[in-house]
Every structure is written in structure tokens, then in C-alpha cells.
Amino acid sequence: MKLLLDSTRCQGYGLCQEPAPDLIELDEFGYANIVARDVPPGDEEAARAAVEACPNSALRLEK
């Protein structure tokens, strides 16, 4: 699975990082940066939670 970010939709809330700190880091303004684009098998649940936490649907998972 791949975790993808549409940076044009990210509003810098930072809600996505809490469930997936190993996959997403925030810049100095709270905008998401994908650390691990390829989601390791053990982090799939965290990646799904991060996608669900984003109020602007800036994140998505792809196979």
C-alpha cells in the first residue's frame, strides 16, 4: 500500500500525524509530509486511521 498526500488539500491541521507518527511528519506550520510513502505491513491500520483523521481528504491509500 502507498500513502499519498494531495498537498493542495492539506490545511495544516496536523490531525493525521497523531495516529501515524512513523508515516507522517509535520512541517513547522503543521502541514503534513509523508515520511514513508510505502506503508509497511504493520502500519496499515495506522495509515487508515490517518486517512480517516484528515478533515479535507488530503490523504489516501492506494494499492
* Asked: Any idea of the accessible area per residue across the chain, 1.4 Å probe, to the nearest Å²?
  -> 65
* At a 1.4 Å probe, what is the % contribution of carbon and sulfur to the accessible area of the chain? -> 44
* Can you tell me the FRET efficiency between GLU62 and ASP22 if r is taken as the Cβ-Cβ distance and R0 is 22 Å, rounded to the nearest 0.05? => 0.75
* Starting from the amide H of GLY12, placed 1.01 Å from N in the peptide plane, find each other amide H under 5 Å away whose residue is 5 or more places distant or on another chain. => ALA32
* Over the chain, what is the relative contact order in whole percent, taking alpha-carbon pairs under 8 Å and six or more residues apart? -> 47
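Please state the charge dipole magnitude for the chain, taken about the Cα centre, from unit charges on C-beta atoms (+1 on K and R, -1 on D and E), reported in debye and rounded to the nearest 20. Before the final figure, lay out each step's value.
Details: 6 positive and 12 negative charges, 59 e Å.
So the magnitude is around 280 debye.
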* Asked: For the Cα atoms of the chain, what angle does the longest principal axis make with the long axis of helix 44-53, in degrees from 0 to 90, nearest 10?
  -> 30
* Work out Dmax and Rg for the chain from the C-alpha atoms and quote the Rg first, both in angstrom. => 10.1, 30
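The values are calculated or read from the model by the stated rules, or taken from the named source; none is laboratory data. Everything numeric here is computed off the predicted structure, so don't read it as measured data. All Cβ positions, even for glycine, are placed from backbone atoms using ideal geometry, and neighbour counts span all protein chains on display. Calculation scope for accessible area: heavy atoms of the full protein, side chains included, ligands and nucleic acids excluded. Shrake-Rupley method; radii C 1.70, N 1.55, O 1.52, S 1.80 Å.
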